[in-house]
Structures are given as C-alpha cells and as structure tokens.
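Reviewing the structure listed below.
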Number of protein chains: 2
Amino acid sequence: MTERKGYAGNGLVHVKNPHLDSMDEDVLYHLNLGTKTHNLPVMFGDVKFVCVGGSPNRMKAFAQFMHKELGLEGDGKDLKDICAGTDRYSMYKAGPVLSISHGMGVPSISIMLHELIKLLHHAKCCDVTIIRIGTSGGLGIDPGTVVITDIAVDSFFKARFEQVILDNIVVRSTELDKDLVEELLNCSKEIHYFPTLIGHTMCTYDFYEGQGRLDGALCSFSHEKKLEYLKRAYDAGVRNIEMESTVFAAICGLCGLKAAVVCVALLNRLEGDQIKAPHEVLVEYQQRPQHLISIFIKKRLGLYNQMELLDNAFFLNN
Amino acid sequence: MTERKGYAGNGLVHVKNPHLDSMDEDVLYHLNLGTKTHNLPVMFGDVKFVCVGGSPNRMKAFAQFMHKELGLEGDGKDLKDICAGTDRYSMYKAGPVLSISHGMGVPSISIMLHELIKLLHHAKCCDVTIIRIGTSGGLGIDPGTVVITDIAVDSFFKARFEQVILDNIVVRSTELDKDLVEELLNCSKEIHYFPTLIGHTMCTYDFYEGQGRLDGALCSFSHEKKLEYLKRAYDAGVRNIEMESTVFAAICGLCGLKAAVVCVALLNRLEGDQIKAPHEVLVEYQQRPQHLISIFIKKRLGLYNQMELLDNAFFLNN
C-alpha cells in the first residue's frame with residue numbers, strides 16, 4: 001500500500017479523510033476544543049509556526065520566550081493554556097506561533113497531531129511550518145549538542161513508520177523537508193555557544209530496553225551487546241535517539257505540513273544511560289533548540305537583524 | 001525467547017536486571033526521585049496498592065478520595081505531588097495507596113513502570129497490588145460500563161506484547177492475575193448504580209486509525225470496514241479498547257506484581273467515534289472505577305463493612 005505525500009501547492013493543511021466533510025460537529029476531545037464550541041478560524045487563523053515538545057512546562061516557557069522575542073504586547077507571563085479544560089495536553093499562542101505539548105512516545109504525539117491537524121484545517125491555516133523541539137539521548141556527540149534530523153529511523157535503522165490500520169500494517173515514509181533542514185542549519189550559524197549538526201534520529205517505543213539501557217527494571221543483555229547495537233546505530237548515521245520523530249514525520253508529511261525535528265542531546269549514550277547532569281545544566285540544554293527556532297522564526301518574519309549577533313554573544317557570556 | 005514470570009513467593013518486587021546491583025546511585029529521572037537524593041524506604045516502604053491512570057488530575061482526585069475513604073488525618077486537599085520537580089508524571093500518596101499518572105500510550109506508561117518498579121524495589125515494598133484505573137472506548141456495551149480485563153490483547157486480538165530489545169523482537173505474555181479479577185468482580189456486586197463486567201481489553205498504539213475511527217486527520221477506510229473490524233474484535237471477546245494494557249500486563253507480570261486493569265467505557269464504539277457526552281457525565285463515569293477500587297482496597301484492609309451499602313445507595317441517589 002502506498003500513500004501520496006500531502007503537498008498540493010496551495011499552502012493549506014490537508015486532512016486526508018473523506019468522512020470529515022459530512023460531520024456536523026468535530027470535537028477535538030484531547031484538546032478540549034471543537035467546531036461548535038470554539039471559533040477556530042478566529043482563534044488560530046493567523047498561525048504560521050507550530051512548535052511541539054514533550055513537556056507542558058517547557059512548551060509554556062517557549063511560548064513566553066517567543067512572546068518576548070517577537071515584541072508582542074504585554075509581558076507574556078499571563079499566557080493562558082488554551083487546552084486548560086483538559087490535562088492531556090497544554091497549548092499556548094504567541095502571535096503566529098502555537099506551542100503545544102505532546103507527552104512522551106509515538107501514541108501520545110499521534111493523538112495530538114490528529115487533533116492539531118484538524119484544528120489547523122478547520123481554522124483554514126495556510127503555509128504552516130511545524131517543528132518538534134525536544135530532548136534526546138545523543139550518540140557519539142557531546143551532551144548539549146543540538147541535532148537537526150534529516151531522516152527519522154526506527155529501531156532497525158530503517159526510514160519508515162509502521163501504522164496499524166484496522167488489522168493491516170501500512171508502511172509510511174519518515175522523510176522530512178530537506179530545505180527546512182538547510183534553513184535551520186544556516187540559522188544555527190548565528191549561534192556560537194553550542195554545536196548544531198545534521199544527523200539521523202532513531203525513534204523507539206521504549207526508553208529502557210528499546211534504547212539499550214542497562215538501568216531499567218528489566219534488562220536481559222550485556223554492556224557489550226548494548227555498545228555493539230549503539231555503535232551499529234552510529235555507523236548507520238544515527239546521532240540521537242528519542243521517541244516521537246517517525247510518526248511525527250509520517251503524519252505531517254501526509255498532511256502537507258513542512259516539518260522539522262530539532263532535539264538537544266542530554267547525554268552521550270556511548271558513555272552512559274542515566275541522566276545525571278545538574279538540573280540547571282539540563283534546563284539550559286533544553287533552551288538551546290528554543291533559541292535556534294526563535295532565530296528561524298524571526299528570520300522568516302523579517303524581524304531578525306545583525307544586532308541579534310550581539311544578543312547571541314551576550315547569551316554566550318552570561 | 002521465553003521469559004519466566006516474576007512471582008517468587010516472598011512478596012517482593014522483582015527487578016530482573018543484574019546490572020542494577022552494581023550501580024552506585026539510581027536516578028529515576030522521569031519521577032524526579034533517586035536513591036541518593038531521597039530515602040525511598042521511608043517514603044514508600046508501606047505502599048501496598050499502586051493505582052495508575054492516564055490523567056494527572058484524575059490521579060490526584062483519586063488520592064484525595066482514598067485519603068478520605070481510609071479516614072486518614074487531615075482533609076487530603078493539600079496532598080503534594082511527590083514528582084513536583086518534573087511535569088512528566090504526577091504522584092500522590094494516601095496511606096498505603098500510591099496514585100500515579102502515566103500519560104497516554106504504551107511508551108509513556110512503560111517509562112513510568114520501569115521507574116516505579118525500581119522505586120518499589122529500592123523501597124523494599126512487599127505484597128504490592130497494582131491496578132490501572134482508566135478510560136476506554138466500549139465495544140457493544142453501554143457508556144459508563146466498567147470493564148475488568150481478563151486478558152489484554154493487541155490489534156490482532158492476540159494476548160501478546162511485542163517488546164523491541166536492541167533490534168530483536170521479544171514476545172511477552174499479557175496475562176493478568178485471575179484471582180484478582182474475581183475479587184474485583186465480587187467487589188463490584190456491592191455497587192448497583194453502574195454495570196461491571198469481565199472482558200478482553202484491546203490495546204492499540206493509536207487512537208484514530210488504529211482503533212478504526214472515521215474522525216481523524218487521516219482515514220482510508222469505509223464505515224463498513226470499520227464496523228466489520230470492530231465486530232470481529234467483539235466476537236473475539238474484546239469489550240473495550242484503550243492504549244496501555246498490554247505493556248502494563250507484560251511488565252507487571254515479569255516483575256511479580258499482581259496486576260489488574262479496570263476501565264470505564266466513555267462511549268460504545270459500535271455507535272460512534274466522537275466522545276460527546278457532557279463534561280459532568282464524563283467526570284462521573286471516571287469516578288466509577290475509583291469507587292470500585294476504593295471498595296477493593298477497604299476490603300483488603302478490613303475497613304469495609306455493611307454500613308457502606310447505605311453509602312453506596314446514597315451515591316446512587318445523589
């Protein structure tokens with residue numbers, strides 16, 4: 001079974017579901033939004049950038065950061081959670097930037113993406129770019145390095161996502177937008193206080209056994225077997241490991257959303273399994289993809305200028 | 001590859017990982033707890049019941065409810081989130097009852113279970129029963145019905161969980177504790193305002209295409225194909241569908257935890273896909289598994305008596 005990519009040239013988001021047109025109402029249950037209870041075009045019609053990440057607090061902090069960076073009115077500290085009626089996901093808006101949490105793992109981000117894409121469709125959003133800004137385990141790279149994903153691969157290093165539909169398995173492409181990868185790498189050249197590189201990202205269904213960790217409640221393999229697997233992943237081009245990128249690439253690709261994955265590495269998995277860096281170091285690492293994406297968004301909006309270089313130098317020194 | 005069940009007769013929780021003993025410190029990263037930063041035996045040594053569910057708010061409400069039901073000191077409204085330093089999971093304790101959120105989907109609950117089981121091991125907990133109290137889509141049953149899972153099955157109606165370890169696929173049993181199922185069914189006989197039944201629970205990796213929904217951003221099948229699939233599931237004994245039960249049964253079984261899954265059905269999937277019941281109806285549905293589990297826990301602790309029948313009648317009428 002093959003499926004066509006969603007890009008159709010008019011910039012709209014493409015839901016690929018003939019049943020939606022005949023629905024009188026669409027309740028986006030896990031977002032606590034709906035077509036009859038909310039005016040989605042008014043609430044979201046101007047959205048151009050959607051940023052998603054696992055943690056609700058981090059996505060709130062990113063929205064506040066973008067509010068400030070875009071020079072929007074008010075101090076941004078009182079941004080309201082648009083999904084406040086549910087605790088499944090959190091959503092914040094700063095001008096044309098929507099910032100949403102997706103929890104951990106493929107199923108959790110998949111529910112959010114289905115409802116988000118219907119939201120963008122109902123709101124008639126146009127030319128939307130979507131970026132996952134996340135955390136990951138690095139592979140042969142220094143902690144704190146930011147990885148821009150060129151291809152999302154599964155546990156077998158294949159660029160594919162297997163979706164069960166009824167009881168058939170459909171294989172989907174996990175290709176991401178190549179131009180967007182280059183554009184993001186160019187933006188990273190403005191930042192000198194951390195390294196950014198392009199690499200494959202491995203997406204697993206499990207943090208412990210599935211990523212070759214020796215420190216879970218269950219572990220049946222040796223230190224040597226673990227290293228042999230991780231080194232094979234490295235040789236296949238994998239530079240970091242997380243738990244959402246394949247389904248993110250697959251769904252966004254099918255729906256015509258230009259998508260990117262930008263994750264910071266919290267540790268180097270060739271050197272250990274436990275995340276032991278001090279809290280403040282981890283917090284600073286998590287701001288790195290946010291900093292990169294803020295430059296990307298400001299450049300796209302024509303709000304970035306050379307003066308920022310001074311700011312970035314300031315960021316480095318403080 | 002076969003794996004032995006974890007029951008060993010001494011009532012302790014069994015981590016099956018020879019590497020753990022040689023670790024100087026164990027950081028339970030996603031719970032924001034650790035063996036060097038917290039005195040886990042003092043904090044958790046008395047835990048006998050662990051209840052888990054997707055939503056943080058629901059698990060907080062359950063802990064407050066149990067605090068009251070067990071007649072513990074204070075009003076329970078100021079129970080603190082033990083995982084407050086992270087927003088990945090929430091955890092509350094009411095006497096011997098630990099109540100923890102696990103987010104949505106197999107990967108999310110799997111991370112929590114690895115760290116929870118290590119926590120129970122480090123705390124030297126003994127004779128622990130673990131119950132998932134969740135929400136689900138019903139199959140051929142009325143909304144509001146509570147289903148006690150006898151067997152968790154996958155999208156192909158098989159009682160198995162496939163775990164990727166390095167790049168091998170290991171098949172695990174999803175058997176649950178039969179005596180516990182009967183004990184819970186007996187407890188349900190004390191409650192007359194909603195139906196409880198025993199059935200198979202299907203666990204999927206996706207809420208939309210994977211559960212045959214016609215209302216996602218992507219849908220490639222007809223109403224007829226959907227119904228044909230759901231009816232085959234019903235004929236195979238499936239009475240509800242959710243997204244965590246197979247890995248929950250597999251991991252708990254291997255680690256010697258007696259485990260049960262008790263979910264309320266929010267809708268009948270043979271009649272629709274969207275969750276449209278009014279908010280207050282859904283809130284009341286979600287209290288039903290909590291009510292059942294409170295009776296189970298009180299009976300186990302010798303705190304349940306016939307007077308409760310009056311309470312239950314009161315519950316019904318108000």
Practice task
Pull up the stretch A:50-77, narrow it to residues that are under 21 Å from B:Ala84 (Cα atoms) and charged (D, E, K, R), then point me to the one that is surrounded by the fewest Cβ atoms within 10 Å (Cβ to Cβ).
Solution key: A:Lys77
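For every residue, the table says whether it meets (1) under 15 Å from B:Ile100 (Cβ atoms); (2) at pLDDT 95 or above; (3) in a loop (DSSP other than H, G, I, E, B).
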{"residue": "B:Lys5", "(1), (2), (3)": "no, no, yes"}
{"residue": "B:Glu25", "(1), (2), (3)": "no, yes, yes"}
{"residue": "B:Met43", "(1), (2), (3)": "yes, yes, no"}
{"residue": "B:Asp46", "(1), (2), (3)": "no, yes, yes"}
Problem - Matching residues in the stretch A:196-210 - criterion: being of a type in the set (S, T, N, Q) and either farther than 18 Å from A:Asp142 by Cα or free of Cβ contacts under 8 Å to residues at least 40 places away in the same chain (or both) - result: A:Thr204
Exercise for the section: Test B:Cys126 against the stated conditions and say whether it is in contact (Cβ under 8 Å) with a residue 60 or more places away in the chain, within 21 Å of B:Lys298 (Cβ to Cβ) and over 19 Å from the mean Cα position of the chain (by Cα). Expected result: yes
Problem - Within the stretch A:274-288, considering residues that are among the charged types (D, E, K, R) and surrounded by fewer than 18 Cβ atoms within 10 Å (Cβ to Cβ), the one farthest from the other protein chains (Cβ to nearest Cβ) - result: A:Glu284
Problem - Among residues of the stretch A:124-149, those that are surrounded by fewer than 23 Cβ atoms within 10 Å (Cβ to Cβ) and of a type outside the set (Val, Ile, Thr), counted - result: 7
Problem - Residues being within 19 Å of A:Leu214 (Cα to Cα) and either touching a residue at least 24 places away in the same chain (Cβ under 8 Å) or among the aliphatic types (A, V, I, L, M) (or both) - total across the stretch A:251-274 - result: 8
Handout entry: Which listed residue is surrounded by fewer than 23 Cβ atoms within 10 Å (Cβ to Cβ), away from chain A (no Cβ under 11 Å) and over 25 Å from A:Ile165 (Cα atoms), from B:Leu166, B:Leu180, B:Leu176
Key = B:Leu180
Handout entry: Test for B:Ile131: is it of a type in the set (A, V, I, L, M) and facing chain A (nearest Cβ under 8 Å)
Key = no
Practice task
May I ask you to list pairs of residues, at least six apart or on different chains, whose Cβ atoms are under 8 Å apart, with the first in the stretch A:74-88 being over 22 Å from B:Lys60 (Cα atoms) and the second being of a type in the set (Gly, Ala, Ser)?
Solution key: A:Gly76/A:Ala63; A:Gly76/A:Ala94; A:Leu79/A:Ala63; A:Leu79/A:Ala94
Handout entry: Failed item in (1) in a helix (DSSP H, G or I); (2) under 30 Å from B:Pro18 (Cβ atoms); (3) touching a residue at least 24 places away in the same chain (Cβ under 8 Å), with A:Asp215 passing the rest
Key = (1)
Practice task
Name the single residue, out of those in the stretch B:89-102 being touching a residue at least 40 places away in the same chain (Cβ under 8 Å) and surrounded by fewer than 24 Cβ atoms within 10 Å (Cβ to Cβ), that is farthest from B:Ile297 (Cα to Cα).
Solution key: B:Lys93
Practice task
Tell me, yes or no, whether the stretch A:218-226 has at least one residue that is more than 13 Å from chain B (Cβ to nearest Cβ) and either under 26 Å from A:Asn57 (Cα atoms) or not in a strand (DSSP E or B) (or both).
Solution key: no
Problem - Answer residue from the stretch A:95-120, given it is more than 9 Å from every other protein chain (Cβ to nearest Cβ) and small (Gly, Ala, Ser) and is nearest to A:Thr174 (Cα to Cα) among those - result: A:Ser99
Exercise for the section: Determine if the stretch A:216-231 includes at least one residue that is more than 30 Å from B:His14 (Cα to Cα) and crowded, with 16+ Cβ neighbours inside 10 Å. Expected result: no
Completion exercise
In the stretch B:257-273, anything under 18 Å from B:Lys48 (Cα atoms) and surrounded by 23 or more Cβ atoms within 10 Å (Cβ to Cβ) is listed as B:Leu257, B:Ala259, B:Ala260, B:Val261, B:Val262
Practice task
State the number of residues belonging to the stretch B:78-88 that are crowded, with 19+ Cβ neighbours inside 10 Å and either part of a helix (DSSP H, G or I) or within 14 Å of chain A (Cβ to nearest Cβ) (or both).
Solution key: 3
Handout entry: Some residue of the stretch A:136-148 being of a type outside the set (Val, Ile, Thr) and within 13 Å of chain B (Cβ to nearest Cβ)
Key = yes
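The values are calculated or read from the model by the stated rules, or taken from the named source; none is laboratory data. All of these numbers come straight from a predicted model, not from anything done at the bench. Positions of Cβ are backbone-derived with ideal geometry, glycine not excepted, and every protein chain shown enters the neighbour counts.
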